[in-house]
Structures are given as C-alpha cells and as structure tokens.
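Here the structure is laid out as structure tokens; the discussion comes afterwards.
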Amino acid sequence: MSLVSAAAATAAAPTHGFLTPTGVEVAFLLVGLVTFGAGLVTVTTRQLVHAALWLVVALGGLAVEYLLLTAEFIAWVQVLIYVGSVVVLLLFGLMLTRAPIGRSPDADSGNRWAALTVAVAAAAALVWVVTDAFRSTWIDLGGAASGSTKVTGASLFQNWVLPFEALSVLLLAALVGAIVLSRKAKADAAAGTADTPAVPAGRSEKEGVR
C-alpha cells in the first residue's frame, strides 16, 4: 500500500520543465545575458582600459553563475585567480606599455570577419561538446550542494593541471613582452632626444627679436 501511495504522490507532483522555470533558473539566465553582453563589449571596444574593466564584469558574472549552480569552490577560485590575478596582470601590462586611456584606433586589426568566424566556430564547438557531455545530467538548484571541495580540487589538479600551467606560462610571457616593449620605447625616445641638435641660446634669442 505504501508503494502504491508513493507512486501516486510522485505522479501527482507537478512536473518541472522549461516552461515553468524557478527563480534560480531565471536569475541564471539574466546573469548569463549580462555576462554575454560584457564579453561582447570587451572584444568590440577600442578603449583598452575599458576592455579590461568589462572583462572584470564578464569574469564576475561567471563566478555568479557558478554560485547559482551550487559550485561555491569554483566560484571563489574564479574570483581569486581570474578577477584578482589575471585582470591585474592585464592592467599592469597596459600601464607598462603606456596604453592610451581614450580610444585606440590601433586596437582594431581589420580582420573582423575572420575573427567573427573563428569566434562563432569556437562557440559552436564549445556548446556542442558541453551539451554532448552533460546531455542527461540535471542539477537540483534548490537542493544541497553536490560534490565537495576535496573532490573538485583533486579533479582540477589531477586532470586539468596542464591547461592551468600553460595559462600561467602564457600570462608570464605576456608580462615579459610588455616589459620589453616599454623598455624599447624608452630607449627609442632617449635616442631621439640625443639625436636632436641643440639650438644655441643666443641664436634663439636673436631670432626671437627679429
């Protein structure tokens, strides 16, 4: 009798689908739209400093998405590593290369269509891979947090340690390149100042009188 009543209660329970989203799912969608917009502005703006600041918004939006998916550890790693380290590294690179504060026409390479094609292809491949990998996986957003910090950390540093190290080497190379470019610019400016002939003071005063 108990099994029959349990089955009847399960059948009578309202089914949850895409047409009846919960508050967490609505918040997830809204934050995703804001994150997408911030990422779009990041790659389309011609002001480098604004691009770095919009990147902070995009990475912060991803952290909020992780929180909504009950992945608190990944959310804080996102904030500490990407928002707290990667963006600071980018700002240091901009300061070392003396990037302009306003609009920078040099930031546009002219290959917009090629870049758009590559971006759309990469996004389609990423969506297909994620959808294929988690096609039958559902997360109970209203329930307890799934997984643990120990399991997540072990998975990250055992299976994904190579991409993390490759990213750290890439960021280090970018910072070293920024330092080299800034020193080269200073050297060129110093050489240009040294090659400029000095005008005698007496001659400049006579020309001013004339």
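For the reader, a short list of remarks on this structure follows.
- Heavy-atom accessible surface of PHE134, to the nearest 10 Å², is about 130 Å², with a 1.4 Å probe and all protein chains retained.
- Taking every protein chain into account, the 1.4 Å probe leaves LEU80 with about 120 Å² of accessible area, to the nearest ten.
- For VAL127, solvent-accessible area (1.4 Å; no DNA, RNA or ligand), Å²: 90 Å²
- Rounded FRET efficiency, nearest 0.05, which uses the C-beta distance separating ALA154 from ALA124 and R0 of 25 Å: 0.20
- Two-site label geometry, HIS50 and TRP138: point separation in nm, points 7 Å out along Cα→Cβ: 4.4 nm
- Calculated from backbone phi, Karplus (6.51, -1.76, 1.60) coupling profile of region 85-91 in Hz, x at Gly/Pro: 10, 5, 5, 4, 5, 5, 5
The values are calculated or read from the model by the stated rules, or taken from the named source; none is laboratory data. The structure displayed is predicted, hence computed values, not measured ones. With ideal geometry, Cβ positions are generated from the backbone for all residues, glycine too; neighbour counts draw on all protein chains shown. For accessibility, only protein heavy atoms count, side chains too; no ligands or nucleic acids. Shrake-Rupley method; radii C 1.70, N 1.55, O 1.52, S 1.80 Å.
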